[in-house]
Each structure stands twice: as structure tokens, then as C-alpha cells.
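So that we are looking at the same thing, I have put the structure below in C-alpha cells.
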Amino acid sequence: MLILTRLIAAAALTAATASPVLAESITVQHRDLDLSTAQGKARLDARLAKAARKVCGMNDKPTGSRLPNKEAMTCYRETLGKLELQMAELTKGEARQGG
């Protein structure tokens, strides 16, 4: 669980643009998921996406708009991309260690 919190915070920080952004970390629960199944992985992906939306401010819409601002959208896309890469590396590492 701690690893996923750090992944989200680190990914969002590196995805942040030049605008001042305060780092936020979110704990993503995953112990209840069986990550050896497609369903478990899909649920984790959904939780990570939800956390990335929150960290990047995707739910905060500028006044007079239904869309998130450009920086939030960029942060969200880049954060998901970095999380995907980091989760792949983490999964590879666990597979090599046998669990």
C-alpha cells in the first residue's frame, strides 16, 4: 500500500507543469484485490485513475467551464503513463522474486 502511495505522489510531481502545484499523496487500497487476475488488475487501474484525478485536480473545474484546466489534464495523462510504467516494473520485480 505504501508503494502505491509513493507511486502516485511521485508520478504526479513529475507530471506537474510549471504552475505551482502542491504535492498531494493518496493511499490506494489494494490488499483486497487479487492482482493475479484481470479483474483485480482492472479494479486497481480504476482506483489509480481515481487517485490521479484527485491529485491532479481533474475534478476542479475553472469557473464557467465543465472541463478541467489544461495543466490538470496534462498532469492526469502523464501521471497515468508514469504509473503504468512503474506498476509494470513493480510487477516484474515481484515476478522475479516469486511473489
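Would you mind computing, in nm to one decimal, how far apart the modelled labels at residue 85 and residue 39 are, each placed 7 Å from Cα along Cα→Cβ?
Here the answer is 3.3 nm between the modelled labels.
Okay, next question. Please give every one of the lysines within straight-line cross-link reach of residue 61, meaning a C-alpha to C-alpha distance under 26 Å, and leave out same-chain neighbours fewer than 8 residues apart.
Qualifying lysines at Cα under 26 Å: 50, 70, 82.
Send over the per residue convex hull volume for the stretch 26-90, Cα only, as a whole number of Å³.
Taking the convex hull of the Cα positions in the stretch 26-90, it is 88 Å³ per residue.
Readers should treat all values here as calculations from the given coordinates under stated rules, not as data from a laboratory. Everything numeric in this text was worked out from a predicted model, so none of it was measured. Every residue, glycine among them, receives a Cβ derived from its backbone with ideal geometry; neighbour counts consider all protein chains shown.
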